[in-house]
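The values are calculated or read from the model by the stated rules, or taken from the named source; none is laboratory data. Remember, it's a predicted structure, so these values are computed and weren't measured experimentally. Note that each Cβ is placed from the backbone with ideal geometry, even for glycine, and that neighbours are counted across all protein chains shown. The accessibility values were calculated without ligands, DNA or RNA, using every heavy atom of the protein model including side chains. Shrake-Rupley method; radii C 1.70, N 1.55, O 1.52, S 1.80 Å.
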Amino acid sequence: MKKTTWGFLAVLLATTPAISYFKYERQIGPASANGQHYVVVDETVQQHALPNLDDLRLYAAGKEIPYAIRTMRSTRESEQKGVRLLQPGTAGGKTQFLLDMTGVPEYDRITLTLGTKNYIAHARVEGQDDLHGKQWVDLGATTLFDLSDEKLGHNSTLQIPVTTYKYLRVTLDSLVKPSDVRGASAGIERALEAVWRELNIEPKQTQEGKDTILTFSVLENVPVDRVTFSIDPAQGNFQREIEMQTGKGSTLRAGEISRIHIQRNGGKIDVDQTAVTLSATSDGQLRAIIHNGDDAPLRISRARLQQYERRIYFDSDAGASLGVYYGDQKLDAPVYDYAKLFQSDASASQVQISAEEANSVYAGRPDDRPWSERHPAVLWAAILAAVAILGGVAVRSIKTASS
């Protein structure tokens, strides 16, 4: 029991963070206002921290501060707001009700809260601005269903074109009763563009046979998500195959870059695809190999590596300064309620982060290796001494037996 307890304590100590265990530190802030803030992660942190920033911690006055990391890829976001349900009843043998859309300026989906299961119902949506008007505009139909018994899921969302009508009229098949309609919410899905961060790296460009090769020297462990090319506009139309390789020659991505601006049969074609996406972590070098075939090499004026912006979100008071620490190879990723329940605030402000410094109180973790691994010289000396003693005893025994 004691051995188990001591083993558990050793593991706990080995994975518990402490400021003195981190090799590097940087200062954040101070924040200009209360609320949610963020800092942008740069290559220096990515080089010295563990993959996925697992060992990164924030501290304020010696207290660990929870945070959430977000990678700013392109996403689609839906905002929902409750709307008033009016006059649920029956019309022509079907369930019908009105929705008051006041307070929702535009929307393209309505989610119904229904108190019934195991049904398939057709729903038609109409809209207009005058609740008592006679000219309702048809906005389309949606099939709603709940297949709980068959474990095949459900759909209670009405999809319509982007709409600004003040009132909607919804008509459902009689399988859904007026009393089953409990409420509704409406919203619109918006696309959020990716936020890119450029790595300040100039490539070395060479020509090997028919191939143009651009070699980028990248700090190890730094993620790279896209490479972009600026091609001389006078180059004209082109379409070239391209490979992205590691410094060791492993292919990360194969694709093509192209520029096509032509008119055919009265139609115009415009294609300008001069970026290649990838998901790679540098081993120190990346190579872009452009296969020119029998065409002249592309006149490349600029080539840049980019990564999605990675943000560390946290809450702090106005004037508060925090420290960010990293460089503990034995630390596991933190588990915070803050990250599990995180919702980004559109008004969150960026806070500046200072240059990297060596942690002034760094002492390193206690050596948790077995005694024999920590003192191999003593162990071998003891083994040799034991062998010598046993050898001496054996020789003495032989002499005694002979006499």
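Structure data summary
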item: One residue from Gly293, Gly323, Gly319 being touching a residue at least 24 places away in the same chain (Cβ under 8 Å), open to solvent by 30 Å² or more (accessible area, probe 1.4 Å) and either in contact with a strand residue (DSSP E or B) (Cβ under 9 Å, 6 or more places away or on another chain) or in a strand (DSSP E or B) (or both); result: Gly293
item: Subset tally (residues that are in contact (Cβ under 8 Å) with a residue 12 or more places away in the chain and farther than 22 Å from Asp108 by Cβ) for the stretch 138-153; result: 4
item: Of the criteria (1) in contact with a helix residue (DSSP H, G or I) (Cβ under 9 Å, 6 or more places away or on another chain); (2) at pLDDT 90 or above; (3) not in a strand (DSSP E or B), which one Gly364 fails; result: (2)
item: Positions within the stretch 268-318 being within 19 Å of Ala49 (Cα to Cα) and either acidic (Asp, Glu) or modelled with pLDDT under 90 (or both), in sequence order; result: Ser279, Ala280, Thr281, Ser282, Asp283, Gly284, Glu309
item: Counted residues, the stretch 45-92 - those being open to solvent by 50 Å² or more (accessible area, probe 1.4 Å), of a type in the set (Gly, Ala, Ser) and part of a loop (DSSP other than H, G, I, E, B); result: 4
item: Within the stretch 93-104, tally of residues that are surrounded by 18 or more Cβ atoms within 10 Å (Cβ to Cβ) and not in a strand (DSSP E or B); result: 2
item: Qualifying residue in the stretch 384-403 (condition: of a type in the set (Lys, Arg), part of a loop (DSSP other than H, G, I, E, B) and modelled with pLDDT under 75); result: no
